[in-house]
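K.L.:
Okay, here's the structure, questions in a sec.
The values are calculated or read from the model by the stated rules, or taken from the named source; none is laboratory data. Just so we're clear, the structure is a prediction, and the values are computed from it rather than from any experiment. A quick note on method: Cβ atoms are made from the backbone with ideal geometry, for glycine too, and the neighbour counts reach across all protein chains shown. Note: accessible area is taken over every heavy atom of the protein model, side chains too, but ligands, DNA and RNA are not part of it. Shrake-Rupley method; radii C 1.70, N 1.55, O 1.52, S 1.80 Å.
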Amino acid sequence: MTEPSLVDGADDGAGGSTADPRGWVLPRTVSVSDLGPFAEPISEHNGQAVAVRPLTDHPGWLAKLYRPDQHPEDARRLDLLISAPGTLPEADRALLYAGTCWPAARIEGPGNPAVGCVIPMAPEQFRGELRRGGFSERRFVEIDWLAKSDKSIRGIGLPAPGAEGRLAACRQLTRLAAILEGLGLVYSDWSFSNAFWSPSQRSVYLIDVDGCQPKKMPDIHQPNWADPLTPPGTDADEYTDRYRLGLLVAKCMTGQRDAHTFHTVAASPWPNQPTVSEVLLDMLFATDRERRPSAAQLNQALNSGPYVRVAPRPTRSALPPLPPQPKPQPQKPTPKSSAGAQEPVKEPESTPAKTPDTVTQAGWILVVLIALVLLFVIASNH
């Protein structure tokens with residue numbers, strides 16, 4: 001793996017400028033006064049930042065201002081990140097700038113070499129008009145939505161990605177991950193909230209990349225994203241990144257986010273990318289964390305390439321069980337007509353019931369009538 005020593009030879013930020021294709025050339029190190037006035041924060045007290053504020057005189061650019069308790073090495077680390085794109089091939093450098101809010105300059109102040117950094121705002125193409133409950137709001141679309149069904153995505157007014165849209169977004173996501181891994185940088189923040197998704201462009205945009213660190217970094221607990229093979233209290237490293245990247249790609253490719261995700265992956269639903277399932281299962285369930293495939297291997301599989309293992313297939317842990325399905329409630333059988341159609345049961349029509357008194361009265365009337373007939377016959381004979 002390429003270590004971040006690639007950028008160790010770059011200047012330390014004391015001078016020079018960054019040839020940044022994003023529209024603003026500035027020194028690698030600036031002061032707060034160099035940036036002009038700040039607008040109202042668009043984010044506050046989020047992670048390591050106390051505020052993220054737009055630069056009034058430079059539309060499309062932001063000042064990310066850190067907490068004052070940052071590590072003394074943060075200034076050096078930021079300088080490495082700012083210089084890193086210059087070590088990349090042109091195509092990778094262009095993708096890194098287009099697909100991430102890569103820092104353009106370090107902000108320094110009196111007694112504080114790492115007040116913050118200058119970063120670009122995510123492009124407008126990553127905003128969408130989201131409709132919910134009769135209301136609509138134009139906002140950045142988090143990749144969280146790509147991890148839902150096409151029906152759910154259409155339900156908020158966004159075009160459904162389909163299999164091809166999911167594949168295109170995940171190809172870019174894994175290529176960005178491969179670039180970071182090639183630089184020897186740990187990102188750790190592979191999750192729903194740290195990437196935006198453009199349904200129209202089928203692309204993604206990583207944020208918070210200024211937090212990348214060489215080789216390892218503190219593993220901040222993220223609910224539902226914990227690596228089972230990175231024990232609590234230990235650092236995140238490239239193998240932690242591989243697990244979380246695999247988990248994010250699996251959810252975005254399947255549009256699912258529970259145990260069904262893994263069972264769908266295991267069913268190999270992508271015939272045009274036959275090795276994707278194998279790579280994802282090794283990233284997620286290999287019992288040896290160092291046998292997890294790299295981001296570059298996953299990207300190659302997503303591009304219909306082969307999956308070449310340097311050793312036999314790693315042992316995998318079992319897939320998590322599927323959640324129990326609710327049991328259907330039994331229904332009472334309904335009588336059917338001769339034609340097979342169900343018909344309501346009809347109560348029989350009521351008829352007057354015959355009682356013993358009614359029968360007795362009728363018998364006496366008959367006896368009287370017979371007696372009268374006999375008396376009439378006798379009288380006639382005399």
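K.L.:
Residues of region 263-291 being among the acidic types (Asp, Glu) and either in a helix (DSSP H, G or I) or open to solvent by less than 30 Å² (accessible area, probe 1.4 Å) (or both), which ones? Full working, then the answer.
P.N.:
First, pick out the residues of region 263-291 that are among the acidic types (Asp, Glu): 278, 282, 288, 290.
Matches in region 263-291: Glu278, Asp282, Glu290.
K.L.:
Right, something else. So, in region 306-325, of the ones that are farther than 22 Å from Arg257 by Cα and surrounded by 13 or more Cβ atoms within 10 Å (Cβ to Cβ), which residue ends up nearest to the chain's Cα centre (by Cα)? Show your work before the answer.
P.N.:
Filtering region 306-325 for residues farther than 22 Å from Arg257 by Cα gives 306-315.
Filter again for surrounded by 13 or more Cβ atoms within 10 Å (Cβ to Cβ), leaving 307, 309, 314.
Working: Tyr307: 25, Arg309: 28, Pro314: 27 Å.
Per the criteria, the residue is Tyr307.
K.L.:
Looking only at region 128-156, which residues are open to solvent by 60 Å² or more (accessible area, probe 1.4 Å) and of a type in the set (S, T, N, Q)?
P.N.:
Passing the criteria: only Ser136.
K.L.:
Moving to a separate point now. So which of Ser200, Ser193 is polar (S, T, N, Q), surrounded by fewer than 21 Cβ atoms within 10 Å (Cβ to Cβ) and part of a helix (DSSP H, G or I)? If you could, list the steps in order and put the result at the bottom.
P.N.:
On the way: Ser200 fails: part of a helix (DSSP H, G or I).
Selected residue: Ser193, the only one of Ser200, Ser193 that is polar (S, T, N, Q), surrounded by fewer than 21 Cβ atoms within 10 Å (Cβ to Cβ) and part of a helix (DSSP H, G or I).
K.L.:
Separate question: Here is a list: Gln172, Gln125, Gln213. Which entry is touching a Ser or Thr at 6+ places or on another chain (Cβ under 9 Å), open to solvent by 60 Å² or more (accessible area, probe 1.4 Å) and at pLDDT 95 or above? Please lay out each step first, then the result.
P.N.:
Numbers: Gln172 fails: open to solvent by 60 Å² or more (accessible area, probe 1.4 Å); Gln213 fails: open to solvent by 60 Å² or more (accessible area, probe 1.4 Å).
Gln125 is the lone residue from the list that is touching a Ser or Thr at 6+ places or on another chain (Cβ under 9 Å), open to solvent by 60 Å² or more (accessible area, probe 1.4 Å) and at pLDDT 95 or above.
K.L.:
In the set Ala122, Ala169, which member is small (Gly, Ala, Ser), outside any helix (DSSP H, G or I) and under 22 Å from Tyr205 (Cβ atoms)? Explain how you work it out, then say what you get.
P.N.:
Details: Ala169 fails: outside any helix (DSSP H, G or I).
Unique residue meeting the criteria: Ala122.
K.L.:
Would you check which residues across region 74-110 are open to solvent by less than 30 Å² (accessible area, probe 1.4 Å) and in a loop (DSSP other than H, G, I, E, B) and list them? Break it down stepwise before answering.
P.N.:
Filtering region 74-110 down to residues open to solvent by less than 30 Å² (accessible area, probe 1.4 Å) leaves 74-75, 77-85, 88, 95-97, 99-107, 109.
Correct list: Leu88, Cys101, Trp102, Pro103, Ala104.
K.L.:
Just one of the numbered conditions (1) in contact with an Asp or Glu (Cβ under 8 Å, 6 or more places away or on another chain); (2) farther than 23 Å from Ala94 by Cβ; (3) assigned to a loop (DSSP other than H, G, I, E, B); (4) of a type outside the set (S, T, N, Q) is not true of Tyr239; which one?
P.N.:
Of the numbered conditions (1) in contact with an Asp or Glu (Cβ under 8 Å, 6 or more places away or on another chain); (2) farther than 23 Å from Ala94 by Cβ; (3) assigned to a loop (DSSP other than H, G, I, E, B); (4) of a type outside the set (S, T, N, Q), the odd one out for Tyr239 is (3).
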